[in-house]
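This report concerns only the one structure given below.
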Amino acid sequence: MKVAFIGLGNMGGGMAANLVKAGHAVHAFDLNEEALARAAENGCATYTSVREAVSGADAVVSMLPNGAIVQDVFAADVVGHAPQSALLLDCSTIDVDTARSVESTARSAGYEMVDAPVSGGIAAANGGTLTFMVGGSDAAFAKAEPILSTMGKAVIHAGGSGAGQAAKICNNMILGATMIATCEAFAMAEKLGLDLQTFYDISSKASGQSWSMTSYCPVPGVGPQSPADNGYQGGFAAALMLKDLKLAMEAAQSVGAKVPMGARAEELYQAFCAADHGGTDFSGIINTL
Ligand code: NAD
């Protein structure tokens, strides 16, 4: 299958490489020449514009920084330039309204499109073990599933257009809040004189257990290997957590949902990033507690 891939950064680079490994002809475009050169090393054919990359494509996958860019790229250079039979898949994390608006524009022009944001970071993108949450019609999902499964370990149909983005921001709102709660508990446990390994052994088998505790423990030397063991470098940047929490707050406002914990998590990550820690793994917020 001929797959156009737009946005070959930290995530898209590995995803495009996995499409190549699965036998697809990947036609890649990125504004950044270094990203494009890495894609070429990984077996992608590279192009100097989106329009060239999508020409004759069976599918178009995008992995871009934000909703404004996704809207621009699809409106200006994909819709009306890729064949109408091409399935469009946006894997970026963007707001629900923009995802629905881009899909609606594409559908009006005769295309099928899904939003398919991912859970899992750069290692999962490189390893082909992402989880995709997909919004779109049953027919579009059926076409998207085999393409996405070459880049992930799970592909889940969340519902109609925008449902993938809705699931993603609800999930990451839980993650932001539980990470802060887990960090608070470890910091308080230490002040109360508890040994942190002992507290982990108890809480990881008690009702305080969560992914933030047992898969991504924010304390160095406790629990499985995590960014805490690497000086909070690598992993999931706090700036990206803040981006997702901002999207969650916008979505909550648009539907009148009450999200006091999510709102507080957004404030705390805002302060953490403003203190120049945006590039640090999001579990590094423990050092402020
Ligand atoms: P990134 O900045 O590394 O990559 C984005 C790429 O898009 C860059 O190479 C950039 O040059 C390119 N780009 C920007 N505008 C473009 C345009 N108009 N045309 C073509 N290319 C363009 O970002 P990333 O970490 O790969 O994240 C991509 C998306 O994945 C974001 O929406 C992010 O929220 C989401 N995400 C990231 C992670 C993570 O751990 N990094 C995890 C889950 C989801």
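The values are calculated or read from the model by the stated rules, or taken from the named source; none is laboratory data. Keep in mind it's a predicted model, so treat the numbers as computed, not measured. Virtual Cβ from ideal backbone geometry, glycine too; neighbours counted across all protein chains shown. For accessibility, only protein heavy atoms count, side chains too; no ligands or nucleic acids. Shrake-Rupley method; radii C 1.70, N 1.55, O 1.52, S 1.80 Å.
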Report, in listed order, any pair from LYS168/LYS205; LYS168/LYS191; LYS191/LYS258; LYS21/LYS143 with a Cα-Cα distance greater than 29 Å.
LYS168/LYS191; LYS191/LYS258
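Which percent, to the nearest 5, of DSSP beta bridges fully inside the chain are antiparallel?
Rounded to the nearest five, the antiparallel share is 15 percent.
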In whole percent, how big is the carbon plus sulfur part of the accessible area of the chain, probe 1.4 Å, protein atoms only?
55 percent
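So what is the calculated 222 nm ellipticity per residue for the chain, using -39500 (n - 2.57) for each DSSP H run with n of 4 or more, over all residues, to the nearest 500 deg cm²/dmol?
Details: 12 runs with 134 residues, N = 289.
Rounded to the nearest 500, the figure is -14000 deg cm²/dmol.
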How much of LYS143 can a 1.4 Å solvent probe reach, expressed as accessible area in Å² and rounded to 10?
110 Å²
Just ASP244, ASP77, ASP138 to compare: in a GNM of the chain, with alpha carbon springs under 10 Å, which one fluctuates most?
ASP138
Counting only heavy atoms of protein chains, what accessible area per residue, in Å², does the chain have with a probe of 1.4 Å?
44 Å²
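Diagonalise the Cα gyration tensor of the stretch 2-159 and give the resulting equivalent ellipsoid semi-axes, square root of 5 times each eigenvalue, largest first, whole Å.
Details: eigenvalues 82, 65, 40 Å².
Here the semi-axes work out to 20, 18, 14 Å.
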Determine the sum of side-chain charges near PHE199: Lys and Arg each +1, Asp and Glu each -1, restricted to other residues whose C-beta is under 15 angstrom from that of PHE199.
-2
Name the residue farthest towards the positive end of the dipole of the chain from the options GLY278, TYR232, SER207, assuming +1 on Cβ of Lys and Arg, -1 on Cβ of Asp and Glu, about the Cα centre.
SER207
For the chain, with only Lys/Arg (+1) and Asp/Glu (-1) charged at the beta-carbon, what is the dipole magnitude about the Cα centre, in debye rounded to 20?
440 debye
Once the Cα gyration tensor of the chain is diagonalised, what are the square roots of 5 times its eigenvalues, in whole Å and ordered largest first, as equivalent ellipsoid semi-axes?
36, 20, 16
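Tally Lys and Arg at +1 and Asp and Glu at -1 over the other residues with C-beta under 15 Å from the C-beta of ALA248: what net charge comes out? It would help to have the intermediate numbers written out before the result.
Values: positive: LYS168, LYS243, LYS246, LYS258, ARG264; negative: ASP95, ASP97, ASP244, GLU250, GLU266, GLU267.
Within the 15 Å Cβ shell, the charges total -1.
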